[in-house]
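A.B. asks: One structure coming up, written as structure tokens, with questions to follow.
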Amino acid sequence: MEGLLLAVQSGEKLKTLVKDKKSLADYPAYSPLFSLQSILLNIREINRLEGHSESVISVVFSPDGKTLASASRDQTIKLWNRQTGKLISTLPSERYAKEGHSDRVWSVVFSPDGKTLASASGDKTIKLWNRDTGKLISTLEGHSELVWSVVFSPDGKTLASASGDKTIKLWNLDLDNLLAQGCSWLKGYLISHPNAPRVCANRE
């Protein structure tokens, strides 16, 4: 409480000094307050990104800071050039509109390497997108209510999702590991079932 009172008193004194145009040399203790005021006065809007047809719910920067992704009630994700403010692409594109979410997008996040985007939606799914091509990589289904949020693990191999169904789900995105497990399982199966049809063996 005392700290808050001191801040208010300092603020009032600062107003008086500014009004009376006193020299900072006469009030050295208030120099930091003038510096703070100068910083606050220089905080301003540097760009405005417009393009969504409904309200924007979530925004996130790419790991390199050059791209901004936005998630909206209009069921799309948009990628923006941070420097110019220009729209780079919309996910899904009109060509692949059927691959998009069927409800508002609540959250969007970049993978640590910046190559993949994950989006969480009211349609109870998470979608993975290729950042460069804009194509849908995969749709993750399992939640029974809308998905509020998604986040990648630091190594990018796991995705966590939070849902209205009161659960958090962890998704294994380590494709190399999954393929290795699959091959190991298939090898074991063929050993124990030597008469099983070798469908893949006939394909190059």
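Each value in this text was obtained by applying a stated rule to the coordinates, not by laboratory testing. Computed from a predicted model, the values in this text were never measured in an experiment. Glycine gets a Cβ as well: all are built from the backbone with ideal geometry, and neighbour counts include every protein chain shown.
A.B. asks: How far is it, in nm, from the label point at L87 to the one at A160 when both lie 7 Å from their Cα along the line to the Cβ?
C.D. replies: 3.4 nm
A.B. asks: Something else about it: Going through the cross-link list K78/K124; K98/K166; K115/K166; K66/K98; K86/K135, which pairs have a Cα-Cα distance over 25 Å in this structure?
C.D. replies: Table pairs above 25 Å Cα-Cα are K98/K166; K115/K166; K66/K98.
A.B. asks: How do K78, K66 line up, fewest other C-beta atoms within 10 Å first?
C.D. replies: Listed from fewest to most nearby Cβ atoms, that is K66, K78.
A.B. asks: Between I137 and V56, what is the label-to-label distance in nm when each label sits 7 Å out along the Cα-to-Cβ direction?
C.D. replies: 2.4 nm
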